[in-house]
Amino acid sequence: MVKRRKNLKKSGSKIGQVNRQLRRSYDVNFKMMVINEAESSNNCKAAVKYGVTECNVRRWRAQKDDFKNAHGQRKAFRGPRSGRFQELDRRVCAYVDEKRKNGMPISRAFIRLTAVEIAKELNIPTADFKASLGWCRRMMRRNGLTLRRRTSPAQRLPSDFEEKLLSFQGYVINLTERHSYPLDQIGYADQTPVFFDMPTLVTVHKKGEKSVPGIIKSTGNEKSCVTVMLSCLADGTKLPPYVVLKRKTVPKEAMPAGIIIRAQEKGWMETKLVVDWLKVVWGRRHGGLRKQRNMLILDAFSGLLSDPVKKQVKAMNGDLVIIPGGMTSQLQVLDVVVNKPFKDNLRKKYTEWLLSGDHALTPTGKIQKPSVRLLCEWILHAWDAVSPKSIIHGFKKCCISNALDGSEDDVLWEEPEDGSEDSDTEHSE
């Protein structure tokens, strides 16, 4: 026995494949050499010659048929690299290639939905294939697909941001101590542009391509947009969206319920429209008709700081709080928790419409932009999809509705949840 161990150590040091302290891995070519030697002599002699244990030789001989179908340099056999359902993978990849050649954006959610439909056509039982997110990731890795996105620079905080932050928090705390606002009387509102053309920032595409923005198809209306005034309360309540169209008159067609439509030649939220928003949206919240004491937080936009706006807020028994310039990424509830899920759901509806192929064409053959009614329906759907829990968390994250005893200050350092289960915004090139 001692002699055999010496031979093993000597042979292993000669070949360089055995180390008594570490587990070693062997490629298929080496395993086939050992198997051939064992078949021509016996397992013990093959183990001594190549410096491996006899149990490995027996196990490798039992797996000989599997090794024949594997790549010679593979060191582990975990099934075929092409996946369990090769025809399914091939047809899904063909679908992705076809859509990308036409400039269509593809998300992993659409890949999974397409895979389920193809699986039904191939009579694959649902118990054997569920098109999970893990399967989608592995399929993309097998076929050289990845997520690609456009990038944009992040906002830089001002040099005196700490002073502005402390000043804002102190002002809000003083107002809260003085008036003891209920959560349903603390509100935040801000305007955001919604474009008729919303090509997704992330798409499934082949690895190695340098230019992604130029190969995502759209209707050519990237600069045509509407202004949406979104508002919410610290208890998670979402007030109706206020949409300003860039036109002289409001469309005559019926609009979906739960949304307010106005028109302005330049599509701006001017002072007159801000006062109108205070009356038809902020004034109709719970407690608004009774003029209950309230606090309204707005951005430092010139149209929101005019005297008519201040007079209207005061007439409604409200206290106006303005966010300091350059601090939107830290103190704006919409920027912290709302805008991302809201815009993600808008792009999802737009992508579904673009991929459906059911749209009219212009005389030049281009896709017509979505109608105003359809865009309003998308806005309502995206706004309804925003989680009230995330809004409550956002108010605390911005140090607006935190408990005065300091018990909720830990929320300032927590990451807000956007509620997205299958997001395509994780690691991408």
Show the residue pairs meeting these rules: Cβ distance below 7 Å; 6+ apart or different chains; first residue within region 84-97 and open to solvent by less than 70 Å² (accessible area, probe 1.4 Å); second residue part of a helix (DSSP H, G or I) and among the acidic types (Asp, Glu). none
If a residue counts only when it is over 20 Å from Val281 (Cβ atoms), in contact (Cβ under 8 Å) with a residue 12 or more places away in the chain and within 25 Å of the chain's Cα centre (by Cα), which helices (runs of 4 or more DSSP H) contained entirely in region 306-379 have at least 2 such residues? 328-331, 339-356
Restricting the search to region 110-165, which residues are among the charged types (D, E, K, R), crowded, with 18+ Cβ neighbours inside 10 Å and modelled with pLDDT of 85 or more? Arg112
Lys343 being assigned by the TED database to the domain that holds Ile186, more than 19 Å from Leu175 (Cβ to Cβ) and either modelled with pLDDT under 90 or out of contact with any strand residue (DSSP E or B) (no Cβ under 7 Å at 6 or more places or on another chain) (or both): yes
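The values are calculated or read from the model by the stated rules, or taken from the named source; none is laboratory data. These numbers come from a predicted model, not from an experiment. Every residue, glycine as well, gets a Cβ built from its backbone with ideal geometry; the counts of neighbours run over all protein chains shown. Heavy atoms of the whole protein, side chains included, go into the accessibility calculation; ligands, DNA and RNA do not. Shrake-Rupley method; radii C 1.70, N 1.55, O 1.52, S 1.80 Å.
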